[in-house]
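> Below is one structure. I have some questions about it.
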Amino acid sequence: MKKNIKPTEDGEINRYVNEEASGMAWFDHRREVVFVNGMANSGENHMDSALALSLLQGCPVVGVYNKKDGFWSDLGQCLMDKGVLVGAQAGSFSAWSAAFDVAYAAAAQLKSGLTKIDFMESLVASNKATASLYRYVAEMSVQERSKLKIFCHSQGNLITSNALTAVALALGEDAIKNMEVNSFGSPCRYWPPGLDRTNNAFTFDPVSWLDYNIGFSSVKVGFTPGLISHGFDIYMNQDAEFVVNRFRWGSFRMTASMDEKGLATYLTKMGNNPRRLKKIFEWLDKHHNSDADDVAVIYSKLMRTKHAATMKALANADKSFITLLIKCMDEGWTASDEKKEIEYLKSL
């Protein structure tokens with residue numbers, strides 16, 4: 001697997017490390033996430049997106065390249081991808097699994113030594129990116145798959161859905177259970193069962209309208225520069241708003257309710273990446289000021305009691321993040337629990 005190169009072949013897999021972030025104390029070289037790009041993306045687009053994701057996530061990115069072949073060719077492949085394994089995704093998975101086992105048994109009679117993994121790969125080989133992602137995930141250990149996080153944009157969602165369905169059929173449904181998938185601008189309506197998936201979509205992203213089953217489980221952002229937005233870079237730029245909206249109910253920038261504890265708990269799982277955390281708290285302070293202090297208090301308390309070493313690392317990496325937390329709590333009337341957390345933060 002090569003590092004930080006522009007891919008040229010469909011299904012090519014490379015590793016991307018953002019050089020700006022790689023030397024920072026908060027960059028975790030031991031962790032990796034996977035990125036699958038959408039249609040009409042060049043190798044340079046793919047590389048730039050993977051490097052941007054590496055900066056945002058604070059870790060290396062394994063990029064699976066979905067090569068562009070021209071608009072109409074890409075659109076045709078996208079439409080074909082939508083129907084590849086829909087029966088297993090939307091219908092009875094157990095019935096499809098049984099049918100796959102029967103087909104594999106028949107194929108194994110004709111070809112000695114044929115494995116389930118190899119047999120399934122032959123069934124998804126028409127899309128090289130799907131086959132590459134499938135093989136990459138299928139060859140992981142059980143422990144590696146349980147920690148895997150996949151980020152997929154546009155047609156990359158169809159590729160990911162088909163690849164993970166193929167993994168589940170070849171290795172069993174539990175092979176992808178609770179695997180984290182982060183969708184952006186997805187046209188994919190159907191997914192295999194058991195995934196922990198978050199669907200991020202701009203209200204005016206026409207590609208996401210193809211997933212007309214998104215429902216209330218999707219995280220939506222309405223207003224972006226240019227109104228109609230779809231590019232992965234735009235999604236990454238709006239990361240803070242997407243994170244907050246995951247725990248917010250409302251519309252037109254008006255909030256009906258905010259799950260402050262849920263958001264604070266989610267933020268504690270981001271580790272010691274002050275760059276990303278600062279942008280989220282800055283967004284809260286600017287657009288949801290009445291909730292920002294409560295989220296900051298809960299976050300500080302959780303970090304102090306359960307992740308003290310990580311909080312210390314955050315303070316050492318960027319003192320301005322600590323200053324921002326204090327600002328969120330110190331504005332207006334300051335309650336006793338806020339004063340307690342402020343004193344703790346000042347001691348770091």
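Readers should treat all values here as calculations from the given coordinates under stated rules, not as data from a laboratory. On a predicted model such as this, the values are computed, not experimentally measured, just so you know. Heads up, the Cβs are rebuilt from the backbone with ideal geometry, glycines too, and the neighbour counts pull from every protein chain shown.
> What label, among (1) 35, 22, 19; (2) 39, 21, 20; (3) 30, 25, 24, belongs to semi-axes √(5λ) of the Cα gyration tensor in Å computed from the structure on display?
Of the listed options (1) 35, 22, 19; (2) 39, 21, 20; (3) 30, 25, 24, (2) comes from this structure.
> Once you have the Cα-Cα distance between S257 and R275, take 0.36 nm times their residue separation minus that, and quote the gain in nm to one decimal. Before the final figure, lay out each step's value.
Values: separation 18, 0.36 × 18 = 6.48 nm, distance 2.64 nm.
Difference between extended and current length: 3.8 nm.
> Let me ask another. May I ask you to compute the full-extension gain from T265 to S290, defined as 0.36 nm times their residue separation minus their alpha-carbon distance, rounded to one decimal in nm?
On the way: separation 25, 0.36 × 25 = 9.00 nm, distance 1.81 nm.
Result for the pair: 7.2 nm of gain on full extension.
> For every helix of n ≥ 4 consecutive DSSP H residues, a contribution of -39,500 (n - 2.57) applies; sum these over the chain, divide by its total residues, and give [θ] at 222 nm rounded to the nearest 500 deg cm²/dmol.
Values: 17 runs with 183 residues, N = 348.
Computed mean residue ellipticity for the chain: -16000 deg cm²/dmol.
> What number comes out for the charge environment of I298, summing +1 per Lys or Arg and -1 per Asp or Glu over other residues with Cβ under 13 Å away? Walk me through the numbers on the way to the answer.
Details: positive: K261, K301, R304, K306, K340; negative: D259, E260, D291, D293, D294, D337, E338, E341.
So the surrounding residues net to -3.
> Okay, moving on. Please give the residues of the stretch 334-348, grouped as numeric ranges, whose backbone N is less than 13 Å from a label point set 7 Å along the Cα-to-Cβ vector of R304.
Under cut-off, by backbone N: 335-348.
> A follow-up question, please. Which longest uninterrupted range of the chain lacks any GluC sites (Glu not before Pro) assigned by DSSP to a loop state (not H, G, I, E or B) and surrounded by at most 14 other Cβ atoms within 10 Å? Don't jump to the answer; show the numbers that get you there.
Working: sites that count: E9, E139, E331.
After excluding every exposed loop site, the longest remaining stretch is 140-330.
> Follow-up. With only alpha-carbon atoms in the gyration tensor, what are the semi-axes of the equivalent ellipsoid for the stretch 272-348, in Å, largest first? Walk me through the intermediate numbers first.
Values: eigenvalues 63, 45, 20 Å².
Equivalent ellipsoid semi-axes, largest first: 18, 15, 10 Å.
> In nanometres, what is the gap between the two model label sites at R246 and K2, each 7 Å from Cα along Cα-to-Cβ?
So the label points at R246 and K2 sit 3.3 nm apart.
> Further question: Set the Förster radius R0 to 41 Å, insert the Cβ-Cβ distance between S42 and E180 as r into 1/(1 + (r/R0)^6), and round the FRET efficiency to 0.05. Don't skip to the end; give the middle numbers.
Values: r = 27 Å, r/R0 = 0.67.
The value I calculate is 0.90.
> Now, a different point. Looking at the chain, send over the antiparallel percent of its DSSP beta bridges, to the nearest 5. Before the final figure, lay out the partial values.
Working: 8 of 30 bridges.
Taking every DSSP beta bridge within the chain, about 25 percent pair in antiparallel fashion.
> Calculate the FRET efficiency for D233 and S347 from the Cβ-Cβ distance with a Förster distance of 30 Å, rounded to the nearest 0.05.
On the way: r = 39 Å, r/R0 = 1.30.
Working from the Cβ atoms, E equals 0.15.
> In the structure shown, do any of K149/K278; K301/K339; K269/K301; K261/K306; K147/K269 have a Cα-Cα gap over 18 Å, and if so which?
Working: K149/K278 22 Å; K301/K339 12 Å; K269/K301 14 Å; K261/K306 15 Å; K147/K269 13 Å.
In this structure, K149/K278 lie more than 18 Å apart at Cα.
> What spacing in nm lies between the two simple spin-label points modelled at D101 and S141, each 7 Å away from Cα in the Cβ direction?
With each label placed 7 Å out from Cα toward Cβ, I get 2.8 nm.
> Something else: Which one of G113, G43, H29 has its Cα pushed farthest toward the positive end of the charge dipole of the chain, where Lys and Arg give +1 and Asp and Glu give -1 at the Cβ?
Projecting each Cα onto the dipole axis, the largest value belongs to H29.
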